[in-house]
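A short write-up of the structure that comes next.
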Amino acid sequence: MEALKQLLEVAPEVQAALDENRPVVALESTIISHGMPYPQNVETALAVEDVIRSNGATPATIAVIGGKMKAGCSREEIEHLGKSGTNVTKCSRRDMPAILARSMDGATTVTTTMLIAHLAGISVFATGGIGGVHRGAEVTMDISADLEELASTPVMVVCAGAKSILDLGLTLEYLETKGVPVLGFGTDELPAFYTRKSGFSVDYRVDTPEELADMFLMQRALGMPNGMLVTNPIPEEYSMDKAVIDKAIEEALAEAKRLGIHGKETTPFLLAKIKDITGGDSLDSNIRLVFNNARVASLTAAAICRKKKA
Ligand code: PSU
Ligand code: MN
């Protein structure tokens, strides 16, 4: 544990909030380096921190910088990750030993953001979309490590569902197998990132941050090791036309297949391609839904703190 502490740098502001039982919300960094183009990625990363602050919580953008796990990146570190883009290693669980041993930088995915958040004592994490079971996974076996992390790390992840670059039905089956609750914030239906509906049901609809906090704390009281997935639909005014986005996704998938894109490149490739095809509309939606998730995550983190005190 002592050795671990040497590798983990919690920003003083984040540590103070944790020590005083004030709400903290973790944010991932692959969304900065690989999920959006520069400079919108840096602008969004800084703006989402402001959204968290204005909702009464402390943001902790998570990354690996020079071989140190950071819970709370500085503005300069966020700019560095955003400018470096895909030159920074996309760091999943299996990358951690190499990146840390070699004192490299790593952009954390949902997986490693959960891992580091948990080491730092942070319970709630806001992002855009999670990885999942890819279409055709019955042949490729491409299943995101995000699902395994949700199965084994007790952090609440607030997202806008998952993009239909994935097989959403299989993703839900996998989460069920692993005992991960999938909650719909104000919805019975799993949102599909750019659109509010997917045709699949969530496990439970939850309408308030208080109830999300109750369920999270109940999972802890039961001694369960799993995380929890909160799916929060994109606000109506920013949601995209289903036909437009479906067509872009199909085109992107076909292009990935043609080029033989595979492994960890798949998700970043598809995200960039969809953005190109939709002429930037999808990027605007993406930014808006992240803000919306940051707000719900902040309110829920605050509710968890209140209930812990009571
Ligand atoms: N899906 C999105 N936006 C993202 C990602 C996924 O809609 O930015 C990123 C996240 O960091 C997620 C990772 O954890 O991609 C999943 O990658 P993979 O499918 O290779 O596990
Ligand atoms: Mn994969």
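The values are calculated or read from the model by the stated rules, or taken from the named source; none is laboratory data. Remember, it's a predicted structure, so these values are computed and weren't measured experimentally. Here Cβ is always computed from backbone atoms with ideal geometry, including for glycine, and neighbour counts include all displayed protein chains.
If you go through segment 197-213 one residue at a time, do you hit one that is within 16 Å of ligand 1 (Cβ to nearest atom) and at pLDDT 95 or above?
Yes.
Starting from residues that are in contact (Cβ under 8 Å) with a residue 60 or more places away in the chain and in a helix (DSSP H, G or I), keep the ones in segment 50-74 and report whichever is surrounded by the most Cβ atoms within 10 Å (Cβ to Cβ).
It comes out as Ile52.
Within segment 241-268, how many residues turn out to be within 12 Å of ligand 1 (Cβ to nearest atom) and either at positive phi or not in a helix (DSSP H, G or I) (or both)?
Of the residues in that region, 3 qualify.
Can you name the residue in segment 138-153 that is crowded, with 16+ Cβ neighbours inside 10 Å and outside any helix (DSSP H, G or I) and is also farthest from ligand 1 (Cβ to nearest atom) among such residues?
Out of the qualifying residues, it is Thr153.
Within segment 165-208, can you find the residues that are part of a strand (DSSP E or B), among the aliphatic types (A, V, I, L, M) and under 27 Å from Glu265 (Cα atoms)?
Leu166, Val182, Ala192
Which residue is farthest from Val157 (Cα to Cα), if the candidates are limited to segment 9-49 and must be assigned to a loop (DSSP other than H, G, I, E, B) and acidic (Asp, Glu)?
Taking the candidates together, the pick is Glu20.
Would you check which residues across segment 90-142 are more than 30 Å from Ala303 (Cβ to Cβ) and under 17 Å from the mean Cα position of the chain (by Cα) and list them?
Hits for segment 90-142 are Lys90, Cys91, Ser92, Gly106, Val133, His134.
Of all residues in segment 209-240, which are in contact (Cβ under 8 Å) with a residue 12 or more places away in the chain and assigned to a loop (DSSP other than H, G, I, E, B)?
Scanning segment 209-240 gives Met224, Pro225, Asn226, Gly227, Asn232, Pro233, Ile234, Pro235, Ser239, Met240.
Here are some residues: Gly128, Gly186, Gly179. Which one is surrounded by 17 or more Cβ atoms within 10 Å (Cβ to Cβ), away from ligand 2 (no atom under 16 Å from the Cβ) and either in contact (Cβ under 8 Å) with a residue 40 or more places away in the chain or of a type in the set (Phe, Trp, Tyr) (or both)?
That would be Gly128, the only listed residue that is surrounded by 17 or more Cβ atoms within 10 Å (Cβ to Cβ), away from ligand 2 (no atom under 16 Å from the Cβ) and either in contact (Cβ under 8 Å) with a residue 40 or more places away in the chain or of a type in the set (Phe, Trp, Tyr) (or both).
When you look at Arg94, is it touching a residue at least 24 places away in the same chain (Cβ under 8 Å), closer than 22 Å to Gly66 by Cβ, within 14 Å of ligand 1 (Cβ to nearest atom) and surrounded by fewer than 18 Cβ atoms within 10 Å (Cβ to Cβ), yes or no?
yes
Among the numbered conditions (1) within 19 Å of Ser92 (Cα to Cα); (2) of a type in the set (A, V, I, L, M); (3) in contact (Cβ under 8 Å) with a residue 12 or more places away in the chain, tell me where Val202 comes up short.
Just one mismatch for Val202, condition (1).
State the number of residues belonging to segment 211-264 that are of a type in the set (Asp, Glu) and surrounded by 19 or more Cβ atoms within 10 Å (Cβ to Cβ).
Residues that pass the stated criteria total 0.
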